Amino acid sequence: MANQLCIVLDFGGQYNQLIARRVRDCGVYCEIRSYTTPLEEIKTLNPMGIIFTGGPNSVYEENSPHIAKEIFDLGIPILGICYGCQVVAYTLGGEVSSCTKSEYGKIEITQSEGGLLFGDIPEKSVVWMSHTDYVSKLPEGFRVTAASSDCPAAAFENPQKKLYAVQFHPEVTHSEYGKNIFRNFLYNVCSFSGDWKMDNFIDTTVAQLRDQIGDKNVILGLSGGVDSSVAAALLSRAVGNQLTCVFVDQGLMRKDEGDFVEETFTKLFDMNFVRVNCQDQFLEKLKGVSEPESKRKIIGTEFYNVFWNKIRECGTDGYFAQGTIYPDRIESGKGNKSGKGKTDVIKTHHNMVEMPIDIQFAGTIEPLKDLFKDEVRAVGEKLGIPHELVWRQPFPGPGLGVRIIGEITKEKISVLQEADAVLRDEIAKSGIEDTLKQFFAVLPDVKTVGVMGDHRTYDHLIAIRAVTTDDFMTADWARIPYDILARVSNRITNEVEHVNRVVYDITSKPPGTVEWE
């Protein structure tokens, strides 16, 4: 990577990706590495700045993550956050103690000595705290730059050695000047120039793809989601009709979505587009199955059976391409490029699976492997992909299969597609779409009594789900105005056959999840 580099060393914190995203938002390229990354490898990477993440441990415990003291002698500016802040203090001879009063949530801090991190920030500001330990004694050569009523060293620094630390989390939106703190560290301390721009990424990546692929062919599995769509558009710009996109339509997408995907990529981009319509095949496999995990496994297994069989027909004399993005690699345990230490596997992503032994390509191409989702969307817009596809909401891999509770049938799919289409139409008309992170309809395995005209009915219930969230780790149910909900309910019960009742899910996450299954 030709860009200037900032490294985030991960000590097990839940916000490691969020920190890296905030750094990239400032125009600086950033990668996440394990705290176990050898010092020699860090030197080889030649970063202009290093950030230590938070973590769940107490630094004074023997088995907690620690780091070699020599990293502070490299002359590379370091910013420690939360647990990372305590690592800085503890490693350099300070003391960390258990709090008599822990701090959680929004806390007001007051600057005491100023410093480069707080140059353009008011004397008092609100930050997000989450800690049960605190730095009770600073290492030699450090000074406190901010404090709260219960945390005497909410921020401290040694400007001569370019070492900085904050006890709070500047990466979360609740810290009102968090982005300023990152910018001050990156530009005023580390002297980054801000060379991470999406236009540069597109030009550089297209040139690299052309050089790598040459005159060979490329096959990409196109799901219609944001990641595979942007990967397809990048490859199309690079090699045109040397690209073949295989689109498996298992009949569990939203209404008319398969046609929209096909029209988009056949009209706007130069490629070979292969669509496989196989709803009946999937329904046969799912017949009589109602257990959620069994449905997921059947849908996933059958999808790859169909996909790999089509790949065998297309031929494997070129490259295989995937829409893998940076969080996929991190969460699947493959983000630690050093190969040292252990990265916990959070989940295995659909685009991080192994291909069958009998299929052998010249290599695998992952043009988005270093990008976060928001960066992928920015690339997609610059490549001319329609807004509604680029900003497509998260959609589960099994599609509507996890939004139909119980057995999946053709009738149920049709009912849910129609109800979901009404919901999307009304939300779009209402002007509140941008305030909702996700909204969709669910078809529970429930029938209720109703009256339609002069007739008694016993038909399906539709549930509406809508949430607001910053990161999907937690979510709150959206306060959609009653008049909008009334229009949605009225239209669904009048326009969608076999539905006589609509309910609204007002459960937050936790205790619920965003999806129902």
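Numbers at a glance
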| item | result |
| --- | --- |
| Euclidean distance of C-alpha centroids, the stretch 97-171 and the stretch 20-62, integer Å | 19 Å |
| Area of Thr266 that stays accessible when all protein chains are in place (1.4 Å probe, Å², to 10) | 70 Å² |
| Extension reserve of the Ala486-Glu108 stretch, reckoned as 0.36 nm per residue once the Cα distance is removed | 131.9 nm |
| Å² per residue, accessible surface of the chain at 1.4 Å | 45 Å² |
| Carbon + sulfur, % of accessible area of the stretch 14-125 - ligands and nucleic acids excluded, 1.4 Å | 44 percent |
| Sequence-distant residues sharing a close amide H with Thr244 (under 5 Å, placed H) | Val218, Ile219, Leu220, Asn272 |
| Burial order of peptide ranges 363-372, 383-392 (average beta-carbon count within 10 Å, highest first) | 363-372, 383-392 |
| Calculated diffusion of the stretch 1-125, Stokes-Einstein form, Kirkwood radius summed over Cα pairs, 10 °C and 1.306 mPa s, µm²/s | 100 µm²/s |
| Charged-residue dipole, Cβ positions (Lys, Arg, Asp, Glu), the chain about Cα centre, Debye nearest 20 | 200 debye |
| Long pairs among Lys124/Lys509; Lys137/Lys161; Lys179/Lys373; Lys106/Lys382; Lys101/Lys137; Lys162/Lys382, criterion Cα-Cα beyond 26 Å | Lys124/Lys509; Lys106/Lys382; Lys162/Lys382 |
| Förster radius 51 Å - calculated FRET efficiency between Glu95 and Arg312, Cβ distance, rounded to 0.05 | 0.20 |
| Protection-proxy order for peptides 227-235, 284-292, each taking the mean of Cβ atoms within 10 Å per residue, highest first | 227-235, 284-292 |
| Relative packing of peptides 83-95, 205-217, 52-64 - highest average C-beta neighbours within 10 Å first | 83-95, 52-64, 205-217 |
| Percent carbon-and-sulfur accessible area, the stretch 419-473, ignoring ligands, DNA and RNA, probe 1.4 Å | 50 percent |
| Farthest positive-ward along the stretch 218-297 dipole, Cα basis, beta-carbon charges - from Pro292, Val274, Gly240 | Pro292 |
| Distant-in-sequence amide H partners of Val276 (H built 1.01 Å from N, under 5 Å) | Phe247, Val248, Asp249 |
| For the stretch 97-138, the fraction of alpha-carbon pairs in successive 5 Å shells from zero, as % | 5, 20, 20, 23, 22, 8, 1 |
| Over the chain, relative contact order from alpha-carbon pairs under 8 Å, at least 6 apart, % | 11 percent |
| Share antiparallel - DSSP beta bridges, the chain, percent rounded to 5 | 45 percent |
| Kirkwood hydrodynamic radius of the stretch 379-517, from inverse mean 1/r over distinct Cα pairs, in Å | 16.0 Å |
| For the chain, calculated [θ]222 nm from helices alone, where every DSSP H run of n ≥ 4 adds -39500 (n - 2.57) | -9500 deg cm²/dmol |
| Largest-first ellipsoid semi-axes for the chain, taking √(5λ) over the Cα gyration tensor eigenvalues, angstrom | 45, 31, 20 |
| Cα-based helix-to-principal-axis angle, 482-495 vs the chain, degrees rounded to 10 | 30 degrees |
| Karplus-derived HN-Hα couplings along the stretch 42-48 (A = 6.51, B = -1.76, C = 1.60, θ = phi - 60°), whole Hz, x at Gly and Pro | 4, 4, 5, 5, 6, x, 8 |
| Where His455, His174 fall by accessible area, highest first, once all protein chains stay in place (1.4 Å) | His455, His174 |
| Dipole magnitude (debye, nearest 20) for the stretch 1-102, charges at Cβ of Lys, Arg, Asp, Glu | 360 debye |
| Two-site label geometry, Leu74 and Glu41: point separation in nm, points 7 Å out along Cα→Cβ | 1.2 nm |
| Selection from His455, Leu436, Gly401, by position along the positive dipole direction of the stretch 393-517 (Cβ) | His455 |
| For the chain, with +1 on Lys and Arg beta carbons and -1 on Asp and Glu, the positive-most of Val127, Leu117, Leu220 along the dipole | Leu117 |
| Size of charge dipole - the stretch 204-307 - debye, nearest 20, with Cβ of Lys, Arg +1 and Asp, Glu -1, no other charges | 160 debye |
| Crossing angle, helix 198-213 versus the chain [Cα axis fit, 0-90 degrees, rounded to tens] | 70 degrees |
| Principal-axis tilt of helix 226-239 within the chain, Cα atoms, nearest 10 degrees | 90 degrees |
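The values are calculated or read from the model by the stated rules, or taken from the named source; none is laboratory data. As the structure is a prediction and not an experimental result, all values here were calculated from the model. Backbone-built Cβ (ideal geometry, glycine too); neighbour counts: all protein chains shown. The accessibility values were calculated without ligands, DNA or RNA, using every heavy atom of the protein model including side chains. Shrake-Rupley method; radii C 1.70, N 1.55, O 1.52, S 1.80 Å.
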